[in-house]
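Heads up, the thing below is written out as structure tokens.
Every number here is computed from the coordinates shown, using simple stated rules; none is lab data. Just so it is clear, the structure is predicted and the values come from calculations on it, not from any experiment. All Cβ positions, glycine included, derive from the backbone under ideal geometry; neighbour counts span all protein chains shown.
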Amino acid sequence: MGDIPSAVLFACTMNSVRSPIAEGVMKHLHGRHVYVDSAGVRDGGIDNFAIAVMNEIGIDLSQHRSKTFDDLEDSSFDLVISLSPEAQHKAVEMTRVMACEVEFWNTFDPTVAEGSREMRLDAFRQVRDELMRRIKQRFPIISVVDV
């Protein structure tokens with residue numbers, strides 16, 4: 001647990017599930033105080049199951065535009081959190097010449113889950129809930145009381 005940085009990038013393989021979910025959660029919890037973005041190593045599009053499980057908790061990902069590291073408009077991040085081994089490699093490469101921390105949160109890819117629609121949604125929910133837990137633990141919500 002550390003101080004909350006002013007700019008955080010979440011990264012995964014295709015910016016279609018894990019990093020958009022993490023971005024959505026972080027914006028929901030800290031979006032007024034932290035610049036948050038996400039990117040993937042390769043091109044992808046937002047996954048409909050990711051949109052569905054985030055809607056369940058009141059976070060709308062339907063307008064998310066997937067992007068790669070090369071598409072980022074700004075690369076001035078204090079912290080990059082990579083959620084897949086491929087993204088970790090890219091994040092380390094990108095930050096070699098930057099004063100930026102990199103953390104690796106190896107996160108299951110729910111798109112590989114098989115079974116019924118409900119079983120697949122459960123895999124996405126598990127990823128969502130795990131990322132929510134880790135974000136709340138890493139970036140605790142500090143309540144401010146007006147005096």
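Per-structure values
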read-out: Region 34-61 residues that are touching a residue at least 12 places away in the same chain (Cβ under 8 Å) and within 9 Å of N15 (Cα to Cα), paired with ones that are in a strand (DSSP E or B) and not β-branched (V, I, T) (beta carbon under 7 Å, 6 or more apart); value: S38/L9; S38/F10; S38/A11; A39/L9; A39/A11; G40/A11; G40/C12
read-out: Residue, surrounded by the fewest Cβ atoms within 10 Å (Cβ to Cβ), within region 99-110, restricted to residues that are touching a strand residue (DSSP E or B) at 6+ places or on another chain (Cβ under 9 Å) and in a loop (DSSP other than H, G, I, E, B); value: N106
read-out: Given (1) in contact (Cβ under 8 Å) with a residue 24 or more places away in the chain; (2) of a type outside the set (D, E); (3) in a loop (DSSP other than H, G, I, E, B), number of the condition K90 does not satisfy; value: (3)
read-out: Selection within region 62-88 - more than 17 Å from D43 (Cα to Cα) and crowded, with 16+ Cβ neighbours inside 10 Å; value: F77, D78, L79, V80, I81
